[in-house]
Amino acid sequence: MDAGRLTRVAAALFAELGIDGVLTARELPDGLGVSVWPAGVRGAGTILVGCDESVLFVASATSPDAGLAAFRQGRRTPVERFRRGRGGGAVPDAR
């Protein structure tokens with residue numbers, strides 16, 4: 001797993017949401033990918049990125065365990081949902 005590459009995927013998606021700055025990344029259990037969130041930004045959510053670069057946006061109100069469970073079950077957020085002004089919204093939702 002290339003954690004740096006996966007973190008860059010999340011960084012690009014956060015940038016689409018207008019969230020720039022320092023990101024914190026942690027590897028997910030079992031080599032599933034990485035969990036990435038903005039350091040010091042409350043309410044920005046977390047992006048889980050799988051080794052295949054598929055992603056799940058997890059709202060900050062969702063527990064990390066619930067987000068990981070949804071990711072393991074195959075729930076993903078279409079990357080188009082991150083693109084403001086191009087069919088996306090202010091906060092992406094999972095599909």
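With r defined as the distance between the Cβ atoms of residue 63 and residue 83 and R0 fixed at 35 Å, what FRET efficiency is calculated, to the nearest 0.05?
With R0 = 35 Å, the Cβ-Cβ based efficiency is 0.80.
Using a 1.4 Å probe, what is the accessible area per residue for the chain, in Å²?
56
Let me have the 222 nm mean residue ellipticity of the chain computed from DSSP H runs of 4+ only, each contributing -39500 (n - 2.57), with the sum over all residues rounded to the nearest 500.
Working: 2 runs with 23 residues, N = 95.
Rounded to the nearest 500, it is -7500 deg cm²/dmol.
Given labels modelled 7 Å from the Cα in the Cβ direction, how far is it in nm from residue 73 to residue 19?
Distance between label points: 2.2 nm.
Explain nothing, just the number: dipole magnitude of the chain about its Cα centre with +1 on each Lys and Arg Cβ and -1 on each Asp and Glu Cβ, in debye rounded to the nearest 20.
280
What does the net charge come to around residue 22 if you take all other residues with beta carbon closer than 15 Å to its beta carbon, with K and R at +1 and D and E at -1?
+2
The values are calculated or read from the model by the stated rules, or taken from the named source; none is laboratory data. Remember, predicted model here, so these are calculated numbers, not experimental data. Cβ atoms come from the backbone with ideal geometry, glycine included; neighbour counts cover every protein chain shown. Side chains are part of the model used for accessible areas, which takes the heavy atoms of the whole protein and leaves out ligands, DNA and RNA. Shrake-Rupley method; radii C 1.70, N 1.55, O 1.52, S 1.80 Å.
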